[in-house]
Amino acid sequence: MQDLTKLTNQELEEFFNSFDIILSDIDGVLRNVLQPISGSVNAVKFLQKMGKRFVLVTNNTSKSIETTYQELKVAGFEIEKSEIVSPIAPIVAYLQKQNLVNKKVFVIGMGVLKQAIKDAGFILAPYGPDRIKDSREEFCSLANEDDGTVEAVICDVDLNLNYLNLQKAETFLKRPEVIFIGGAPDVKFPVGTGGRILLGPGIFLRILEGMSKRTSIHMSKPSPFLNDYIMEKYGIKDRSRALFIGDVIPVDMAFAGNCGYKKLLVLSGLESKSSLENWGYEEKWKPEFYVNSLKEMHEMALRVFGK
Ligand SMILES: [Mg+2]
């Protein structure tokens, strides 16, 4: 793991010439909440001017690609809508490949994901009622309902998830033929800058996987399933010519490590240098390079390539 700012000019030149495409996370790399991280807009512009293609890869399915695109545009980034990927499109593509159009899918997810599933021609299996009586009998009867028509279960982020719907998902998954797709695997959900961590949506996915004794098909970083979609969509032939930039080791660096991309960790998001010094993850997730922020990466590019 090398600090990018400690490389010699020749090493920096080799680094910048070693990739043609940059796959980058969004939150913690380009922006924090909606604020662009200082210097990131200019850094992206400079790298684009150098001929590097940017593809943004986020695990966030609570926003549509259109919304993310507009937010980034307002912040000053010039990145095409078609170059932003969230798990939504790969999930839809996977269901299409399984010939589930016009078939029922039970979706634990936010409105944006549900709408995308509906728009693609799948039928949303209904959620249970939001409130039931304080009655175990009613709960059990609703939770066990399964007429055998649901053919896939998706478990992603749903801020309104309740006990009954989680249980319904587990009921459908009792049938081994039901396809099981998982979204965001994060068990921690950091909020704000004060270090506050909430329960992540991955906790619910773990509950379903544990109860059903099945592993879901993860369609988000760090799963290589997401990468199949990315490589096909962006025509990536040579993974060694792609650099992945991210701020979370078990999500971004793990994805890049699992998929064979070159890795750059930025310390402008969730991780600090101590995560590198006290490495507690798989060796193949170790980033080859790290840097405080995209701004510093830009400064290093300027050092060797000038304006
Ligand atoms: Mg991030």
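The values are calculated or read from the model by the stated rules, or taken from the named source; none is laboratory data. What you are looking at is a predicted structure, and each value in this text was computed from that prediction instead of being measured. Cβ: placed from backbone, ideal geometry, glycine included. Neighbour counts: every protein chain shown. Ligands, DNA and RNA are stripped out before the accessible areas are found, and what is left, the full protein with its side chains, is counted by its heavy atoms. Shrake-Rupley method; radii C 1.70, N 1.55, O 1.52, S 1.80 Å.
A few points about this structure:
- Taking the C-alpha atoms of segment 193-236, convex hull volume expressed per residue in Å³: 101 Å³
- Per-residue SASA remark: Leu276, around 10 Å² accessible (1.4 Å probe; ligands, DNA and RNA not included).
- Residues with amide H under 5 Å from that of Ala125, placed H, sequence gap 5 or more: Val105, Phe106, Val107
- Cα-projected label distance for Asn99 with Val191, points at 7 Å along beta-carbon direction, nm: 4.5 nm
- With the convex hull of the Cα atoms taken as the outline of the chain, the averaged projected area works out to 16.9 nm².
- Candidate residues Arg31, Arg136, Arg214: accessible-area rank, largest first, probe 1.4 Å: Arg136, Arg214, Arg31
- The chain - share of DSSP beta bridges that are antiparallel (%, nearest 5): 15 percent
- To the nearest ten degrees, helix 294-305 and the longest principal axis of the Cα atoms of the chain are 30 degrees apart.
- Using a probe of 1.4 Å, the accessible surface attributed to Glu299 totals some 90 Å² when neighbouring protein chains are kept in position.
- Residue ranking by accessible heavy-atom surface, 1.4 Å probe, largest first, among Thr58, Thr5, Thr149 comes out as Thr149, Thr5, Thr58.
- Of the Cα atoms belonging to segment 195-307, the radius of gyration and Dmax stand at 16.4, 57 Å.
- Taking label points 7 Å from Cα along the Cα-to-Cβ direction, Glu177 and Glu277 give a separation of 5.7 nm.
- Distant-in-sequence amide contacts of Gln2, defined by a placed amide H-H separation under 5 Å and a gap of 5 or more residues or a different chain, comprise Phe289, Tyr290.
- Spacing of the modelled spin labels on Thr67 and Tyr234, each 7 Å from Cα toward Cβ, amounts to 2.3 nm.
- Centre separation in Å (Cα based) which lies between segment 228-293 and segment 80-159: 30 Å
- Calculated P(r) of segment 88-218 - Cα pairs past 25 Å, %: 25 percent
- Amide H to amide H, with H built 1.01 Å from N, Ala184 comes under 5 Å of Val157, counting only residues 5 or more places away or on other chains.
- Between the Cα long axis of helix 202-212 and the first principal axis of the chain there is an angle of about 50°, rounded to the nearest 10.
- Nearest-10 value in Å² for the accessible area of Glu13, using the 1.4 Å probe: 90 Å²
- For the chain: accessible area per residue (Å², 1.4 Å): 48 Å²
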